[in-house]
Amino acid sequence: MIAQYALMWYLTDVTKSPALLALYSIIGFVPGIIAAPLVGPLVDRINKKILLIVGDWIVAIAAIVLAISGNGGALPFGLLGIAVFIRSLAGAIQDPTTQSIIPTLVPEHIVPKVGGLNGAFSSASMVITPAIAAFLYNVMPISQIMLVDVVGAIIGTIAVLLTKIQSFDHIVKESAYLSELTEGFGLVKNHKGIFHFLIIKTLVLMFSMPAFSLYPLITTSYFHGSISDASIVEVFWSIGSLLGGILIGILGTTKKRLTTGVIWYMISAIGFVSMGFLPDTHLGLLLFIGLQLPAGIGYMAANGLFTSIIQQAFPAHQTGRVMGIAQALSSLASPIGLIFAAPAAETIGLPLLLIIAGSSIFVGNIVSMLLPDVKLLDHMSVMTHIKNNRSSAE
């Protein structure tokens, strides 16, 4: 994440353009649209350790190429676009793999708790990474900062090799890869509650993404802050996310996970809407930073619960392809929203994008609670254990 934030600061500082930031964000989501559903059946077919390690070293090799090409100086925008694409491709491989592993490592009744703690660990790492990235950005060329990805790949590889991870590659696969790929779409579509829920989440993300993608620009352009201020905003968001993950880690066994998640999401929505009404003054910047806490807490707590619902709606040996479909839908929504990010920022202004993001979360969650199929997810039967396809679809 140090390298990821450094790239964000570099693009924000050098381009100062909503259109270019949106373009790079779109490039970052393309692999998720294409690769995530294709990776899903692979996650269920081959050794998960291989997928995790390969994802790390794809990023590491790209970082080495960037460092050599930059030769200690600036990086061409074209090469940066390729780097963003490769980093996203690695994420499209690793994210469904990671999400499919959790239900196989722990007892099913604490999957939500572990999911929350997993988010908390991720957020804890991001409490300091924006500041570290901002510091390195001020003292080192961007091409050299990218080499921290190599260190990350080495640490990640060692951790994965030392962990005992259950894989289902030993199960005889009667169906072909393409058949399993089609089956992944069928599993999601036949589970009406999950299908409608994912559609709502996709639409919410589509309306929220313009604000999320231009977050650094909101700090530097609207509030007239510096790159250091932008890193402080990210730190406070990460602290909020950390607290949200810890809360789910403590309270994650609640039975009505959908309703509880909706409540947390509403808290996050209030935070985003409030940000949109702040003045472009120093006091406004301070309040913007402070509001990252409730917004981050609510967003992470809700996502932790929502992810655990999807993880446990299907047997463990099918989770990979299902999570791949879920990630693909999210990735598909993001570029659609980003296409309108730059024109919207220049037409209606950056603050209104935050109000739209918060309002979309409100509307999406109200609809979730009104749809009978989605509301039933509060009482969903856990299907972590291996079952036949018919029972999982039902």
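The values are calculated or read from the model by the stated rules, or taken from the named source; none is laboratory data. Because the structure is a prediction, the values reported are computed rather than measured. FYI the Cβ positions are ideal-geometry reconstructions off the backbone, even for glycines, and counts take in every protein chain you see.
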Tell me which residues, restricted to segment 15-54, are of a type outside the set (Val, Ile, Thr), farther than 30 Å from Ser221 by Cα and either at pLDDT 75 or above or out of contact with any helix residue (DSSP H, G or I) (no Cβ under 6 Å at 6 or more places or on another chain) (or both). Leu38, Leu42, Arg45, Asn47, Lys48, Lys49, Leu51, Leu52
Within the bounds of segment 213-232, is there any residue that is in a helix (DSSP H, G or I) and farther than 17 Å from Trp9 by Cα? no
Could you please let me know if Gln94 is under 30 Å from Gly70 (Cα atoms), touching a residue at least 40 places away in the same chain (Cβ under 8 Å), surrounded by 15 or more Cβ atoms within 10 Å (Cβ to Cβ) and under 15 Å from the mean Cα position of the chain (by Cα)? yes
Of (1) assigned to a helix (DSSP H, G or I); (2) in contact (Cβ under 8 Å) with a residue 60 or more places away in the chain, Leu75 fails just (1)
Quick check, is Val114 closer than 23 Å to Arg321 by Cβ, out of contact with any Phe, Trp or Tyr (no Cβ under 6 Å at 6 or more places or on another chain), of a type in the set (A, V, I, L, M) and in a helix (DSSP H, G or I)? yes
If I filter segment 299-312 for residues that are surrounded by fewer than 22 Cβ atoms within 10 Å (Cβ to Cβ), farther than 27 Å from Gly186 by Cβ and in contact (Cβ under 8 Å) with a residue 40 or more places away in the chain, do I get at least one hit? no
Residue satisfying all of: in segment 59-85; crowded, with 19+ Cβ neighbours inside 10 Å and β-branched (Val, Ile, Thr); nearest to Asn138 (Cα to Cα) among these: Val84
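Within segment 274-292, is there a residue that is modelled with pLDDT under 90, more than 23 Å from the chain's Cα centre (by Cα) and surrounded by fewer than 23 Cβ atoms within 10 Å (Cβ to Cβ)?
Checking segment 274-292: not a single residue is modelled with pLDDT under 90, more than 23 Å from the chain's Cα centre (by Cα) and surrounded by fewer than 23 Cβ atoms within 10 Å (Cβ to Cβ).
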Any chance segment 111-120 includes a residue that's free of Cβ contacts under 8 Å to residues at least 24 places away in the same chain and touching a helix residue (DSSP H, G or I) at 6+ places or on another chain (Cβ under 8 Å)? no
Check off (1) outside any helix (DSSP H, G or I); (2) closer than 17 Å to Asp378 by Cα for Phe277 and give me the number that stays unchecked. (2)
Restricting the search to segment 340-367, which residues are more than 15 Å from Ala269 (Cα to Cα), in a helix (DSSP H, G or I) and either among the charged types (D, E, K, R) or over 19 Å from the mean Cα position of the chain (by Cα) (or both)? Ala342, Pro343, Ala344, Ala345, Glu346, Thr347, Leu350
Could you list, in sequence order, all residues of segment 341-358 that are in contact with a helix residue (DSSP H, G or I) (Cβ under 9 Å, 6 or more places away or on another chain), surrounded by fewer than 17 Cβ atoms within 10 Å (Cβ to Cβ) and not aliphatic (A, V, I, L, M)? Pro343, Glu346, Gly349
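Residues are listed down the side, and each one gets a yes or a no for (1) modelled with pLDDT under 85; (2) assigned to a helix (DSSP H, G or I); (3) surrounded by 17 or more Cβ atoms within 10 Å (Cβ to Cβ):
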position	(1), (2), (3)
Thr129	yes, yes, yes
Val151	no, yes, no
Ala159	no, yes, no
Asp169	yes, no, no
Within segment 383-394, restricting to residues that are surrounded by fewer than 18 Cβ atoms within 10 Å (Cβ to Cβ) and assigned to a loop (DSSP other than H, G, I, E, B), the one that is modelled with the highest pLDDT is His385
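So that you can scan it fast, the table gives a plain yes or no per residue for (1) at pLDDT 70 or above; (2) among the hydrophobic types (A, V, I, L, M, F, W, C):
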position: Gln311; (1), (2): yes, no
position: Ala328; (1), (2): yes, yes
position: Ile339; (1), (2): yes, yes
position: Ala345; (1), (2): yes, yes
position: Ser368; (1), (2): yes, no
position: Asp378; (1), (2): yes, no
position: Ser381; (1), (2): no, no
Residues to consider are Leu203, Leu198; find the one that is under 16 Å from the mean Cα position of the chain (by Cα), surrounded by fewer than 19 Cβ atoms within 10 Å (Cβ to Cβ), modelled with pLDDT under 90 and assigned to a helix (DSSP H, G or I). Leu203
What's the total number of residues in segment 207-234 that are over 15 Å from Pro343 (Cα atoms), at pLDDT below 85 and touching a helix residue (DSSP H, G or I) at 6+ places or on another chain (Cβ under 6 Å)? 5
